[in-house]
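Encoded as structure tokens, the structure appears first; notes follow it.
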Amino acid sequence: MAPQSFFRRSLRLRSVVMAVAATQALSACTMIPKYTRPKPPLASAWPDYAQTGDSLLPKVAADIGWREFFVDPRLQALITIALRENRDLRTSAANIATAQGEYDVQHAGLFPTISATGGPMYQAPSDAAGLSFAPGLDTDKTGTGMARNPFRYYSGGIGFSSYEIDLFGRIRSLTKEAAERALYQQENMRGMVISIVSQVAMAYITWLGDRDTQALAERTLASQQDSLRLTQDKYNHGEENLLTVRQLETQVQQSATLLTDSRRKVEQDENLITLLIGSPIPQNLPDPLPLGKQSVLADLPAGLPSDLLTRRPDIEAAEHDLLASQASIGAARAAFFPRLTLTATDGVSSLQFHKLFTAAATTWGLNPSLQIPLWTWGMNSGNLKVAKATRNAKVATYEKTVQTAFREVADALAARKAYLDEKRQMDDLVSASADAYRLAKLRYETGTDSYLTTLDSQRYYLQAQQSQINVAVAKYQNLVTIYRAMGGGWKENSTTTSDTQPSRVINPTPQKAG
């Protein structure tokens, strides 16, 4: 092919592409309604009972990585396994990849699909086709109607077909919708990470509490069995009555029942942890820290209610869902206006193959097409009504999500103050019960009182210790709840304030467990 011919062909194709780009630049606007974030139905401050957090902490909950919040090495190992093996998290990652692909497909519609074509065509026309006199063709003298030499046609070129010029932003609106759907899935996965971290921590703390209850039952049962043996020896020597023996036997059986029940709960806790982490619990995990030592933080600052709008993944997901429905309105509006499509080619064609790459074989084509909707019988207006109704529903969903988040945090903060007070009360109760049991046992040993008082005091002491463990479990689970409710736990390591916002990109990747 001559250099001049190639230059002219390149110039023509470049001119068409530049014209398309200029048209797209002029049509950059869309018909998406202007978005204003719905005014959140939130109070300006938390209730008075929530103002107990340490405002001097350098980071809010959402900025604290779970490795910094949970310092128990065994719990850290379990969370790491859960983030790596949890099946729900894998499903969420697949949903993100699907949304990314859908965005890529929709975004590609903004640009012409350039393709190269080429190939020969062979045809044997009949005499009636009017081609029997064409140069290089011999007619059939036998009367069969078939030419001896077939018709040959060679062509090749580059171009695009049926490319829609986005004059009124229909494709841009659909692209915006797909982008918001991808971000919606990203926020869902972020929320799922937070949920998994908090669920594993909750189950782990419950397991620690049940282990402490089991150890308490074992110590109590061993002590009562020793007392029963001594009392039976005294009874055999006539130094004790049968009523005391029977009372001790009853107490032993009650402690044995408590031990059996606590063992059952520990086994069930381990089954739940196995389910949450998605694999059997490894045998080589570090030893657990004592209950209450799982976090170095005893409190978290509440911050402002408005902080939830950018800290909670479920709220951000609801807003992306709302923005997606907002974009669908723009696409529905654009459907009322004409669509301009364009087909352009630039190439060569010839009846003879050896002339295909000559200047004379150069050919080009440009085929614009305009489609104007006249009568759609209510289809376009119906789609617009659906889009607007869906947007209104998403607004209500967003507001309800904000209200639900506010209530979760407020409930957790209210429970925090109650658990702090209850913890102090239970510590005092255990101390008083232990002293009462000591005095009752001393009175029995000196013969001042019956053993029934000692049994009652021991039972109250045991119950107080059980309640103390339950309150400790609830107190630290409440701290985990506050951490989750305020959007904490979606990152492994702590970040600075500038890193707290999730990147608004279309290629979100799941956080890998370290």
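A quick yes/no check of all residues on (1) closer than 30 Å to residue 326 by Cβ; (2) in contact with a strand residue (DSSP E or B) (Cβ under 8 Å, 6 or more places away or on another chain):
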{"residue": "347", "(1), (2)": "no, yes"}
{"residue": "350", "(1), (2)": "no, yes"}
{"residue": "355", "(1), (2)": "no, no"}
{"residue": "361", "(1), (2)": "no, yes"}
{"residue": "388", "(1), (2)": "yes, no"}
{"residue": "399", "(1), (2)": "yes, no"}
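For the range 418-442, the candidate set comprises residues that are among the charged types (D, E, K, R) and exposed (fewer than 15 other Cβ atoms within 10 Å of the Cβ); within that set, the residue that is farthest from residue 254 (Cα to Cα) is 421.
Annotation note: of 384, 374, 420, the sole residue that is in a helix (DSSP H, G or I), modelled with pLDDT under 90 and not small (Gly, Ala, Ser) is 420. Go through the range 274-315 and give me each residue that's in a helix (DSSP H, G or I) and either over 24 Å from the mean Cα position of the chain (by Cα) or among the hydrophobic types (A, V, I, L, M, F, W, C) (or both). Answer for the range 274-315, where residues must be in a helix (DSSP H, G or I) and either over 24 Å from the mean Cα position of the chain (by Cα) or among the hydrophobic types (A, V, I, L, M, F, W, C) (or both): 275, 276, 277, 308, 309, 315. Looking at residue 483, is it crowded, with 20+ Cβ neighbours inside 10 Å and assigned to a helix (DSSP H, G or I)? So residue 483 passes the test. Looking only at residues of the range 443-463 that are surrounded by 14 or more Cβ atoms within 10 Å (Cβ to Cβ) and of a type in the set (A, V, I, L, M, F, W, C), we find that the one that is nearest to residue 247 (Cα to Cα) is 455.
Does the range 47-61 contain at least one residue that is modelled with pLDDT of 85 or more, surrounded by 20 or more Cβ atoms within 10 Å (Cβ to Cβ) and either out of contact with any helix residue (DSSP H, G or I) (no Cβ under 6 Å at 6 or more places or on another chain) or assigned to a loop (DSSP other than H, G, I, E, B) (or both)? Scanning the range 47-61 turns up no residue that is modelled with pLDDT of 85 or more, surrounded by 20 or more Cβ atoms within 10 Å (Cβ to Cβ) and either out of contact with any helix residue (DSSP H, G or I) (no Cβ under 6 Å at 6 or more places or on another chain) or assigned to a loop (DSSP other than H, G, I, E, B) (or both).
Of all residues in the range 471-514, which are among the aliphatic types (A, V, I, L, M) and modelled with pLDDT under 85? Within the range 471-514, 505, 506, 513 qualify. Does residue 190 satisfy the condition of being at pLDDT 90 or above, among the basic types (Lys, Arg) and either assigned to a helix (DSSP H, G or I) or touching a Phe, Trp or Tyr at 6+ places or on another chain (Cβ under 7 Å) (or both)? Judged against the criteria, residue 190 is a match. Residue 275 fulfils the conditions (1) surrounded by fewer than 17 Cβ atoms within 10 Å (Cβ to Cβ); (2) touching a residue at least 60 places away in the same chain (Cβ under 8 Å) except for a single criterion, (2). Take the conditions (1) assigned to a helix (DSSP H, G or I); (2) under 30 Å from residue 119 (Cβ atoms); residue 251 misses just one of them, which is (2).
Remark: residue 349 falls outside the filter, which requires a residue to be touching a residue at least 12 places away in the same chain (Cβ under 8 Å), under 30 Å from residue 484 (Cβ atoms), surrounded by 13 or more Cβ atoms within 10 Å (Cβ to Cβ) and among the polar types (S, T, N, Q). All conditions in (1) more than 30 Å from residue 93 (Cβ to Cβ); (2) buried (at least 20 other Cβ atoms within 10 Å of the Cβ); (3) modelled with pLDDT of 90 or more; (4) polar (S, T, N, Q) hold for residue 198, with the sole exception of (1). Filtered by the rule that a residue be under 22 Å from residue 185 (Cα atoms), of a type in the set (Lys, Arg) and at pLDDT 85 or above, the range 309-362 gives a lone residue, 312.
The values are calculated or read from the model by the stated rules, or taken from the named source; none is laboratory data. Note that the structure is a prediction, hence the values are computed from the model and not measured. Note: ideal-geometry Cβ built from the backbone for every residue, glycine included; neighbour counts use all protein chains shown.
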